[in-house]
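Asks: Here you go, one structure.
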Amino acid sequence: MLVKPARLLSLIISSHLHHSCTFSARQTLQWRLRSAAATLSRGLKSMEPVKASHDSEVPTTNPPPTSTGSSADVVISAPTDTACDKEETPTVGLLPGETVVKEGKASILFPSANEVFYNPVQEFNRDLTCAVITEFARDLLAQRGVKVVVPGEKERVVVSLAEETNEADAQMEEKNGAEEPAVIATVGEKCELGLRVLEGLAASGLRSVRFALEVPGLLNVTANDFSTKAAALIARNAQYNGVGHLLQASCRDASMLMYEMRGKKERYDVIDLDPYGSPASFLDAAVQAVSEGGLLCITCTDMAVMAGNSGETCYSKYGSISIKAKYCHEMALRTILHSLDQRAGVYQRYIQPLLSVSVDFYIRVFVRVFTGQATVKNSASKQALVYNCVGCGAFHLQRMGRRTSNGKHMKYSAATGPPVGPECDHCGQRHQLGGPVWAEPIHDLAFVQKVLSAVSGNPSRFGTSKRIEGMLSMVTEELEDVPLYYTVDSLSSTIHCSTPPLLQLRSALLHAGHRVSLSHARKNAIKTDAPPAAIWDIMRCWEKANPVKREKLSQTSPAFKILSTEPSQEACFTVREDANPQSRKRHLTRFQENPQAFWGPKARAKASGGITTSLQDKRKKCQNKRKNQITDSSQLKNFPCKKFRQGTCTNGDKCCYSHDQEQTNQEKME
């Protein structure tokens with residue numbers, strides 16, 4: 001009896017899989033090799049074409065079918081280094097000009113041409129996102145009976161001293177275990193009760209591949225990009241990392257894709273948006289496409305607009321006027337939260353911020369979205385206008401709405417104000433009006449503490465674990481009910497006095513009975529519930545101990561007006577123990593310095609894929625663009641030679657700059 005090649009191959013595969021693979025791995029490999037067997041039956045006469053089918057791009061259709069057994073058999077195990085797993089991972093070769101970029105557990109094929117955007121600066125952003133989604137999955141999947149297991153994480157054991165209680169708990173666990181067996185979700189494996197994740201602007205797919213390799217409890221990850229070259233690269237990267245069963249490449253307009261998934265059963269549990277610039281055009285679709293209680297991860301890299309350089313542009317994008325002030329980085333966070341809450345309110349939804357951070361040149365917010373008409377009515381009282389004095393920098397917040405409790409009912413009314421007069425009470429200058437901005441807490445401290453504990457307990461998990469630990473430690477120390485902040489250097493600069501040490505200023509506020517904390521958004525920041533009058537009283541007392549020359553102050557300057565008033569109370573600058581926060585005592589990496597030269601945002605990807613001009617070349621082109629440029633080389637003799645001053649000039653008399661010792665010494669004195 002003759003046996004068809006496809007049938008023969010299937011029999012051999014089934015026999016091999018029965019002895020060497022788990023149930024989940026068997027079905028996955030059967031699905032992939034079934035297509036190879038079909039190819040073989042169409043006339044292929046050697047095994048080489050079968051290998052070629054494995055090397056082809058991973059299809060963007062549905063992944064292989066998973067187990068349909070009973071709930072008692074549903075256990076997702078971690079991938080093991082067996083022969084089955086090695087055969088399951090296809091081999092993808094590098095195309096000409098491609099390089100491999102490694103970050104976390106992912107290895108990404110990246111073209112040398114600037115066809116697809118990749119920014120190594122945001123490794124911290126991606127690490128933090130993986131940590132946040134993992135803790136979000138842990139909380140959400142626990143309600144579905146799924147236990148999340150993270151590699152390298154120690155088992156959390158709760159010890160009880162009562163033996164009777166332990167026996168009762170053990171019996172209860174056995175009873176519950178017989179009825180509802182726990183499902184274990186590990187990284188790299190598909191969880192039927194897991195999260196549906198969308199990365200709307202995936203570029204090379206690095207973030208999505210890292211989700212599939214580092215975040216447990218995922219059902220599927222959709223990596224979308226409007227560029228066809230980017231979508232093709234995402235598919236190859238998914239195949240290269242062996243996550244084709246979890247990651248699906250998509251080439252769609254991100255907004256249209258999210259609009260099509262607005263149905264309650266089609267929404268995503270997690271939506272991540274990291275555009276090049278402003279995410280404003282995607283926010284409306286995002287707040288509709290995220291599931292009930294789902295997670296929105298938003299990145300904004302247009303800090304110049306949100307920090308006050310272009311207030312009218314900020315209003316057109318986010319519905320808020322930005323102010324160029326010392327607290328602009330936190331105001332940028334509150335601006336994007338206001339925009340999200342306003343857009344969600346249109347669809348009777350509201351947001352709950354989990355974590356909001358301002359890092360370098362961008363901001364990152366993590367919020368959960370819920371539905372509730374009654375709660376949406378509170379949105380007006382959560383927003384506030386900002387009155388900022390242009391002279392001394394004092395600021396006041398004016399709530400947009402007012403809510404008062406009337407027994408079991410809540411009464412909503414218009415807010416009263418303004419909180420300031422026509423001129424500043426301290427310096428006599430005018431006020432700027434900014435906002436509205438989010439005036440409620442921007443962090444969920446309980447959730448932040450979970451993320452911090454997970455990262456600090458498993459530091460080898462991320463490359464930027466030290467920075468994550470330092471920043472989240474500062475976040476947990478911030479005053480959650482105090483919006484915005486002052487900076488120590490700006491307070492001293494206003495009255496032209498020496499800058500007080502940070503601990504002494506914090507101690508003076510604590511001695512006066514006020515609360516105070518630092519801010520992760522800026523160095524030397526002071527968040528306090530003290531009114532501006534109390535802050536300026538402390539600065540007046542500091543100026544008395546470190547006097548300035550009053551005769552040099554203009555009578556119309558803010559410094560003259562502030563120092564002309566006597567302090568109403570004496571400040572005590574004795575350093576207190578609680579003035580120094582734990583993150584500062586432990587010398588955590590709170591504000592990381594640039595690790596290398598030209599550190600910052602990279603150039604936007606080009607559709608043509610051309611190599612953009614490097615920053616070094618651009619810097620050289622911008623040099624020597626002075627109004628009065630020196631065109632005659634003989635005029636250079638009027639300038640001292642820097643190399644001669646350092647003792648490294650080897651040109652001698654032939655040098656075009658001056659070697660006059662007196663002129664060099666005079667420059668040193670200046």
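The values are calculated or read from the model by the stated rules, or taken from the named source; none is laboratory data. Quick caveat, the model's predicted, so the values are computed rather than measured. Don't worry about glycine lacking a Cβ; one is built from the backbone with ideal geometry, like all the others, and counts go over all protein chains shown. Remember, those area values only see protein heavy atoms, side chains included, never the ligands or the DNA or RNA. Shrake-Rupley method; radii C 1.70, N 1.55, O 1.52, S 1.80 Å.
Asks: Net charge around VAL183, counting only other residues with Cβ within less than 9 Å of its Cβ (Lys, Arg = +1; Asp, Glu = -1)?
Replies: +1
Asks: Sticking with this one: So for each of 211-224, 636-649, 550-563, 310-323 I average, over its residues, the number of other beta carbons within 10 Å; can you give me the resulting order with the highest mean first?
Replies: 211-224, 310-323, 550-563, 636-649
Asks: Any chance you could list the semi-axes, whole Å, largest first, of the equivalent ellipsoid that the Cα gyration tensor gives for region 293-373, using √(5λ)?
Replies: Over the Cα atoms of region 293-373, the semi-axes work out to 23, 14, 9 Å.
Asks: Continuing with this model, one more query. Under a plain spin-label model, where a point goes 7 Å from the Cα along Cα-to-Cβ, how far apart in nm are THR565 and GLU266?
Replies: Modelled inter-label distance: 6.0 nm.
Asks: Please list the non-local residues whose amide H lies under 5 Å from the amide H of ALA185, H modeled 1.01 Å from N, same-chain partners needing a gap of 5 or more.
Replies: It is LYS147, VAL148, VAL149, by chain and number.
Asks: What does the accessible area per residue of region 478-586 come to in Å², with a 1.4 Å probe and no ligands, DNA or RNA counted?
Replies: With all protein chains present, region 478-586 gives 47 Å² per residue.
Asks: A further question follows. Given a Förster distance of 60 angstrom, what is the FRET efficiency for LYS147 paired with THR650, based on the Cβ-Cβ distance and rounded to 0.05?
Replies: 0.30
Asks: Next up: Multiply the residue gap between THR589 and ARG430 by 0.36 nm, knock off their C-alpha separation, and tell me the result in nm, one decimal place.
Replies: The span from THR589 to ARG430 would gain 53.3 nm if fully extended.
Asks: Sticking with this structure for a sec: THR371 to VAL482: extension gain in nm, 0.36 nm per residue of separation minus the Cα-Cα distance?
Replies: Roughly 37.3 nm would be gained on extension.
Asks: For region 517-566 and region 364-440, write down the distance between their C-alpha centroids in whole Å.
Replies: Between the Cα centre of region 517-566 and that of region 364-440, the gap is 25 Å.
Asks: Once Rh is set to the Kirkwood radius over Cα pairs, what Stokes-Einstein translational diffusion coefficient, in µm²/s, holds for region 193-299 at a temperature of 37 °C and a viscosity of 0.692 mPa s?
Replies: Answer, rounded: 243 µm²/s.
Asks: Given the pairs LYS102/LYS466; LYS326/LYS466; LYS105/LYS190; LYS154/LYS382, which are separated by over 29 angstrom at their Cα positions?
Replies: LYS154/LYS382
Asks: Can you tell me the length gained on complete extension of the stretch ARG402 to GLN661, counting 0.36 nm per residue apart and subtracting the Cα distance?
Replies: This chain segment gains 86.0 nm when fully extended.
Asks: Please go through the residue pairs LYS527/LYS549; LYS229/LYS317; LYS324/LYS527 and name each one whose alpha carbons sit more than 22 Å apart in this structure.
Replies: Pairs exceeding the cut-off: LYS527/LYS549; LYS229/LYS317.
Asks: Per 5 Å bin, what percent of the C-alpha pairs of region 478-586 does each bin hold, from zero upward?
Replies: 2, 12, 23, 24, 19, 11, 6, 2, 0, 0
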